[in-house]
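The values are calculated or read from the model by the stated rules, or taken from the named source; none is laboratory data. Model, not experiment: these values are computed from the prediction. We place every Cβ from the backbone using ideal geometry, glycine too, and count neighbours over all the protein chains shown. Each accessible area value is taken on the protein alone, full model and side chains, heavy atoms only, with ligands, DNA and RNA left out. Shrake-Rupley method; radii C 1.70, N 1.55, O 1.52, S 1.80 Å.
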2 protein chains.
Amino acid sequence: MTLLVVGSIALDSIFTPFGETADALGGSAVYFSVAGSILHPVQVVGVVGHDYPYAELERLGGRGIDWSGVERAEGESFRWKGKYSYDLQSRETLETRLGVFADFQPKLPPSFKSARFLFLGNIDPQLQLGVLDQVQEPQLVVCDTMNYWIQSKKPDLLRLLARVDVLMVNDSEARELSGEWNIHRAGRWILQHGPKRVVIKQGEHGALLIEPRRTFYVPAFPLEAVFDPTGAGDAFAGGFMAYLARTGSVTEENLRRAMVYGAAMGSYAVEQFGIRAFEDVTLTNVEERVRAFQDLTHVPLAESLQ
Amino acid sequence: MTLLVVGSIALDSIFTPFGETADALGGSAVYFSVAGSILHPVQVVGVVGHDYPYAELERLGGRGIDWSGVERAEGESFRWKGKYSYDLQSRETLETRLGVFADFQPKLPPSFKSARFLFLGNIDPQLQLGVLDQVQEPQLVVCDTMNYWIQSKKPDLLRLLARVDVLMVNDSEARELSGEWNIHRAGRWILQHGPKRVVIKQGEHGALLIEPRRTFYVPAFPLEAVFDPTGAGDAFAGGFMAYLARTGSVTEENLRRAMVYGAAMGSYAVEQFGIRAFEDVTLTNVEERVRAFQDLTHVPLAESLQ
C-alpha cells in the first residue's frame, strides 16, 4: 500500500546539553520518511531551496524514499534553530526562517495521487486540505498540527479535522486545541470534532491511542541516555504509518501494533543527534525493540482472587 | 501472610480546585490500609493524639484493619494542610503540625512481630530502622521516603536501603536521592544501594518497576476527572503489598500483577476526596479495573514482518 507524507524539509541547528548541530537535515517529512522507510517505501511531498544539500536527501532515499514530489524552489531553505533545557524537558525556538516554505503550495506528481496511506505533517491546515483534495481514494488519513495553527487557523483546522481519520498531536497541542487540561477529556473533545481516533504523544511518558470506547497506552522505551528529542514525534508517525501501510490493515488490533512500531522509532530518534540514529537501524533491530516493548507492559494473567 | 504497615495517621485539610476538606482522616498508614484491606487484612502501627476521631478509624477497621498497634498519646494529632494548583500538577504545603508525631517511637505489639510483609511508610528513617529491628523474619520489606528525609537524614536512609527489598518512591524523590535526572539512571543508582527492586510512581503517568535486568511499566488509569491526588501513592502501596501478602508470592511475575493492583487502588484514591472513594469499592470492582488495566496495554502478538 503506498504511503505518502507531506511536511517540512528543513535545515536544523540544535543545541542540547550534550552537543550541537548546524544546518543538519531535518523537518517533519525527513524524520517521518527516514524512520518509516525502514518498514515500507515512502513518497515525500515538500519544498527545498537552492541551498539545500539535495544530494544528501537522495542518499537517504536508498532505502525506498521517493523524493520526486519535492519541489526545488528559488530562495533559501526552511531553517529552524532551537535550544533544549538542561533536562531536555523544554525547548526554546531561537530562530525560524521560513524561506521557500512561506509560499509553498504542495502539488502532487500524478503517480502520488493514488496513495492509500496519507500523513499530513505539521503545515498550514489550508495546505493540508489542499493535499487531501489531490489524493483520490485514501484508506487512512492521519494529520498532525501545532499550537501555531491552533491559534492562527482554527477554522481551517476544524474543517480538516472533519475529514481525517486520526489526529496525531502531542499533549500540549491536544490541550490547547480542546481547552481541556485532562488529557482524556481533550481526547474526547477531539473525537467529537471528526477523527475516529486520536493519538496523543507524551514524550518520555509514551503515547495514547484514544478511541470512542477504548484507550491504548504504549510507554516510552526505557532509555538511560537521551541526546536529542528533535524529530521523535515525526519518527513515531513514520513508524506508525509505515507499519499500517506495510500490513495494509487498519483494525483496532493492528493500530495498537502500529503504536508500538511508532514508539520504537521515536526511541531511536532521541538516542542520537538528528536523523543519524536511523542510519544503522535494520528491520531486525526494530523487531527486537518491539518485542522489548511488549515485555515492558506484559502482565501474565492470574486467577481471580475470588 | 500477615501484612504490617507503619506510617502517619493524620488529619488532613485539603484545598483543590473542586472543593476542600478540613481535618479529614488521612496519613500514609490510613490510605495504605483502607486500600490494602480490600484485598487482605492489615496491621497498623502509628500514633494519634487525644483529639483524633478514633471511633472513625475503628469504623474503617470493619474490613480487616487491626488498629491495635496505634498508640493513643497525649497532645495533638498530626495535621497537614495543603493546596493543589488548578491543574492538580503541584501542591503547596500550607501547614504541618507534627503534634504527637514529633516524639513517636513505634513499638510493635508482640503479635505484630511475626509479620511477613512489611511496609515502612514515609517516616524518619531512624524510626523505619527501629521497626525493621522489631520484625522477626519478614519475607518482603518495602519502604517509602520523601525529600525531607533525603535532605536531612541521608546516612540513616542509606543504612535503611541496604536492608530493604524494594524502595517505593515518586519520581522527584528518586531524582533527588540519586542525583540523576533520567528516571532509569535514578533507578539504577538505587539498585546499586541495596534494594533488589525499585518502584517509581509517576502520578498521572503511571509507575515503573525497575529490576536489574528488566523494567515493567503500568500506566495510570485513564480518568476524565481527578478530584484529589492526596494519598494515591499510599493507596498504590496498599494495593501492591496486600496483593503480595494475599497471594504469598514475590516472583517477578507476581510483582508485576501487584503493580497493577497498586495502580487500580491509586486510581480510586484520586476519584474522590480523601479516603471516601474506598468506602464502596469491592474486590469485584477492583478485579474489573485490573482487567481494564490489562486491556489498556494489550498488544496482540503479530507475525514478524520479515
| field | Solvent-accessible surface (1.4 angstrom probe) belonging to A:Tyr217, in square angstrom, nearest 10 | value | 20
| request: Using only protein heavy atoms and a 1.4 angstrom probe, determine the accessible area buried between B and A, summed over both sides, in Å² to the nearest 100. | output: 4100
| field | Listed pairs A:Lys81/A:Lys113; A:Lys113/A:Lys201; A:Lys201/B:Lys153 exceeding 31 Å between Cα atoms | value | A:Lys81/A:Lys113; A:Lys201/B:Lys153
| request: Report, to two decimal places, the Cα Rg of the range A:263-306 normalised by 2.2 N^0.38 Å (N = number of residues). | output: 1.68
| remark: Over the protein assembly as shown, with neighbouring protein chains present, the accessible area per residue in Å² at probe 1.4 Å is 39
| remark: When the charge dipole of chain A is computed with +1 on Lys and Arg Cβ and -1 on Asp and Glu Cβ about the Cα centre, the Cα farthest towards its positive end, among A:Gly7, A:Pro109, A:Ser249, belongs to A:Ser249
| said: Suppose only helical runs count, i.e. DSSP H with n ≥ 4. What mean residue ellipticity at 222 nm does that imply for the protein assembly as shown under -39500 (n - 2.57) per run, divided by all residues and rounded to the nearest 500 deg cm²/dmol? | reply: -10500 deg cm²/dmol
| task | Kindly state, to the nearest 0.05, the FRET efficiency for B:Lys154 paired with A:Gln151, given R0 = 56 Å and r defined as their beta-carbon distance. | result | 0.75
| field | Between the range B:1-55 and the range A:169-226, the alpha-carbon center distance in angstrom | value | 34
| So which residue, out of B:Ala225, B:Ala35, B:Ala237, gets the largest mean-square fluctuation from a GNM of chain B using Cα contacts under 10 Å as springs? | B:Ala225
| Copy-to-copy label separations for B:Thr284, where each label sits 7 Å from Cα toward Cβ, in nm and ascending | 5.3
| message | What does the structure give for A:40-52 when I average, per residue, the other chain Cβ atoms found within 10 Å of the residue Cβ? | response | 0
| task | Could you give the size of the charge dipole of chain A about its Cα centre, using +1 on the Cβ of each K and R and -1 on the Cβ of each D and E, expressed in debye and rounded to the nearest 20? | result | 960
| request: Would you work out which of B:Leu120, A:Val48, A:Leu118 lies farthest towards the positive end of the dipole of the protein assembly as shown? Charges go on Cβ: Lys and Arg +1, Asp and Glu -1. | output: A:Leu118
| said: Charges at C-beta only: +1 for Lys and Arg, -1 for Asp and Glu. How large is the resulting dipole of the protein assembly as shown about its Cα centre, in Debye rounded to 20? | reply: 800
| remark: Computed about the Cα centre, the charge dipole of the range B:39-107 from +1 Lys/Arg and -1 Asp/Glu charges at the Cβ has a magnitude in debye, to the nearest 20, of 160
| field | Prolate/oblate/rounded label for the range B:127-251 (Cα gyration tensor, a/c 1.5) | value | rounded
| note | From most to least accessible, 1.4 Å probe, no ligand or DNA/RNA atoms counted, B:Asp234, B:Asp133, B:Asp103 line up as B:Asp103, B:Asp133, B:Asp234
| said: At 1.4 Å probe size, with the rest of the protein present, what percent of the exposed accessible area of the range B:258-306 is carbon and sulfur atoms? | reply: 46
| query | Are there GluC sites (Glu not before Pro) in the range B:242-306 that DSSP marks as loop and that have at most 16 other Cβ atoms within 10 Å, and which are they? | reply | B:Glu303
| Of the residues A:Asp66, A:Asp124, A:Asp51, which exhibits the maximal mean-square fluctuation in a Gaussian network model of chain A defined by a 10 Å Cα contact cut-off? | A:Asp51
| field | Farthest positive-ward along the range A:160-306 dipole, Cα basis, beta-carbon charges - from A:Pro195, A:Tyr261, A:Leu177 | value | A:Pro195
| request: Report the net charge of residues surrounding A:Trp181, where surrounding means a beta-carbon distance below 12 angstrom and charges are Lys +1, Arg +1, Asp -1, Glu -1. | output: -4
| Separation in nanometres of the label points that stand 7 Å from Cα toward Cβ, at B:Gln105 and B:Ala292 | 4.8
| Cβ-vector label at 7 Å, A:Leu305, separations to other copies in nm | 4.1
| message | Just to confirm a number: summing +1 for Lys and Arg and -1 for Asp and Glu over residues other than A:Val164 whose beta-carbon lies under 11 angstrom from that of A:Val164, what do you get? | response | +2
| note | For the range B:4-69 the translational diffusion coefficient, Stokes-Einstein from a Kirkwood Rh over Cα pairs at 20 °C and viscosity 1.002 mPa s, in µm²/s, is roughly 175
| To one decimal in nm, how far is B:Arg63 from the same spot in the other copies, if labels go 7 Å from Cα toward Cβ? Please give the shortest first. | 5.1
